[in-house]
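Engineer: I have a structure I would like to understand better, so I am pasting it below and will then ask my questions one at a time.
None of the figures in this text is laboratory data; all of them are computed from the coordinates on show. Predicted model only: the values in this text are computed from it and were never measured. Glycine gets a Cβ as well: all are built from the backbone with ideal geometry, and neighbour counts include every protein chain shown.
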Amino acid sequence: MTECERIMQEGFLPIEFFNPEFICGFYVDELRKKIWAIELELYIVLRDVCDRHGLRLFTDGGTTLGAVRHNGFIPWDDDLDVCLLRNDYEKLKLLSKEFPSPFFLQNADTDSEYGFSFMKLCNSNTAYDVRPFTHALFNKGIHIDIFPIDKVTQEDYLIRRQQISALIQKNSAYMRKDLPRKLECDKKLIDDHIDESMTPADIWHQIERIATEDEEKDTPYLSLLVSTQYAAPKKIWSKNIFDSCVKLDFSSIKVNVPVGYDEQLKIYFGEYMKYPPIEERGKWHSATFFPDIPYKQYYHEHYGLY
């Protein structure tokens with residue numbers, strides 16, 4: 001039984017959810033619906049653990065925009081992002097045993113080859129494939145991204161963001177090192193940034209130290225310092241954005257959106273209710289998703305791994 005068949009059998013989502021349809025003029029096919037279903041369940045699993053332990057979970061970025069503008073996923077999007085204030089994020093990190101298989105709370109401590117700088121909650125009975133990292137042996141189930149929100153000052157924000165970005169490059173190089181056929185850009189990244197004496201966990205902990213430098217300061221600003229190397233360095237927010245959450249409809253469930261979502265979305269996207277040009281919709285993600293096969297089986301069949 002595939003994960004989507006199980007989800008339908010358990011009644012978490014109605015069978016009609018999986019039907020292809022046009023949303024805002026964009027054709028959402030069955031594959032995208034399956035990806036959404038996997039991610040919606042992951043959100044509910046994560047939210048339930050957070051609720052049991054009094055941790056405040058918020059949507060982030062395009063997920064917040066989807067909730068506000070579309071009452072669900074942005075039709076041309078294929079991921080779901082959440083975030084927690086740093087103290088709650090650290091508490092969540094210690095709760096990996098509360099996620100039964102096939103769910104897996106992924107970070108540098110639970111997955112030694114994992115080279116991203118933030119946590120993910122994965123479904124191990126599914127798979128995704130992204131070319132630069134095919135031969136890095138970490139859990140590659142379909143997932144939702146979990147980001148920490150850290151205190152910052154206007155004076156030190158950009159410096160710390162640049163320091164973290166440099167370390168993210170190191171881990172990006174590390175995850176490419178076993179690629180059998182490297183492009184010139186892969187070789188350059190490895191030559192410029194890889195340090196065989198440091199593991200992804202070592203780099204993760206360096207990133208965490210930089211990200212939490214202002215934790216004891218009385219500053220009115222917060223930021224998502226720890227994200228990806230592609231994040232634009234302009235996301236600094238008033239801390240009152242995260243004073244509480246509001247529950248909004250989101251593709252058959254409800255999600256926790258920051259109470260100050262209007263202010264945050266303007267910082268993220270400007271005129272956020274305006275749709276991007278058709279040619280720009282959904283062009284920023286490069287992964288291919290396989291919701292009907294466990295990642296170990298997929299990578300064994302395609303790359304001879306695991």
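Engineer: Nothing charged except the Cβ atoms of Lys and Arg (+1) and of Asp and Glu (-1): what's the magnitude of the dipole of region 198-306 about its Cα centre? Round to the nearest 20 debye.
Structural biologist: 300 debye
Engineer: Using only Cα atoms, locate the centre of region 162-229 and the centre of region 266-306, then give the distance between them in Å, rounded to an integer.
Structural biologist: About 21 Å separates the Cα centre of region 162-229 from the one of region 266-306.
Engineer: A further question follows. Mean separation of Cα pairs under 8 Å and 6+ residues apart, divided by the residue count of the chain: what relative contact order is that in percent?
Structural biologist: For the chain, the relative contact order is 22 percent.
Engineer: Still on this structure, please answer the following. Going by how many other beta carbons lie within 10 Å of each one, how would you line up LEU225, LEU305, LEU167, fewest first? Don't skip to the end; give the middle numbers.
Structural biologist: On the way: LEU225 29, LEU305 16, LEU167 20.
Result, fewest neighbours first: LEU305, LEU167, LEU225.
Engineer: I would also like to ask the following. For the chain, what is the mean residue ellipticity at 222 nm derived from helices alone (per DSSP H run of n ≥ 4: -39500 (n - 2.57); sum divided by total residues; nearest 500 deg cm²/dmol)?
Structural biologist: After summing the helix terms and dividing by residue count, I get -11000 deg cm²/dmol.
Engineer: Which value, to two decimals, describes the C-alpha radius of gyration of region 73-179 once divided by 2.2 N^0.38 Å?
Structural biologist: Dividing the Cα radius of gyration by 2.2 N^0.38 Å gives 1.16.
Engineer: Using the Cα centre of the chain as origin and beta-carbon charges of +1 (Lys, Arg) and -1 (Asp, Glu), tell me which of ILE35, ILE23, ILE190 is placed farthest towards the positive end of the dipole.
Structural biologist: ILE190
Engineer: Which percent, to the nearest 5, of DSSP beta bridges fully inside the chain are antiparallel? If you can, show how the numbers build up before the last one.
Structural biologist: On the way: 29 of 34 bridges.
Just about 85 percent of them are antiparallel.
Engineer: Please turn the phi angles of region 203-211 into ³J(HN,Hα) values with the Karplus equation 6.51 cos²θ - 1.76 cosθ + 1.60 (θ = phi - 60°), one per residue in order, whole Hz, x for glycine and proline.
Structural biologist: 5, 3, 5, 5, 4, 4, 5, 5, 5
Engineer: Turning to a different aspect of this structure: Using θ = phi - 60° and the Karplus relation 6.51 cos²θ - 1.76 cosθ + 1.60, list the HN-Hα couplings for region 82-89 in order, rounded to whole Hz, with x at every Gly or Pro.
Structural biologist: 9, 8, 9, 4, 3, 4, 5, 4
Engineer: Which whole-number value in Å³ per residue fits the convex hull of the alpha carbons of region 15-87?
Structural biologist: Dividing the Cα hull volume of region 15-87 by its residue count gives 89 Å³.
Engineer: Another question, if that's okay. At a Cα cut-off below 15 Å, give the aspartates and glutamates reachable from LYS170, other chains included and same-chain residues fewer than 8 away excluded.
Structural biologist: Straight-distance partners of LYS170: GLU113, ASP178, ASP186, ASP191, ASP192, ASP195, GLU196, ASP202, GLU208.
Engineer: In debye, nearest 20, what is the charge dipole magnitude of the chain about its Cα centre with +1 on Lys and Arg Cβ and -1 on Asp and Glu Cβ, if you could check?
Structural biologist: 220 debye
Engineer: Now, a different point. Amide H to amide H under 5 Å from PHE147: which residues, 5+ apart in sequence or cross-chain, H placed 1.01 Å off N in plane?
Structural biologist: Residues meeting the amide H criterion: VAL82, CYS83, LEU84.
Engineer: Using only the alpha-carbon atoms of region 162-271 as identical scatterers, what base-10 log of I(q)/I(0) does the Debye formula give at q = 0.10, 0.17, 0.24 Å⁻¹?
Structural biologist: With no solvent term, the Cα-only Debye profile gives -0.45, -0.93, -1.26.
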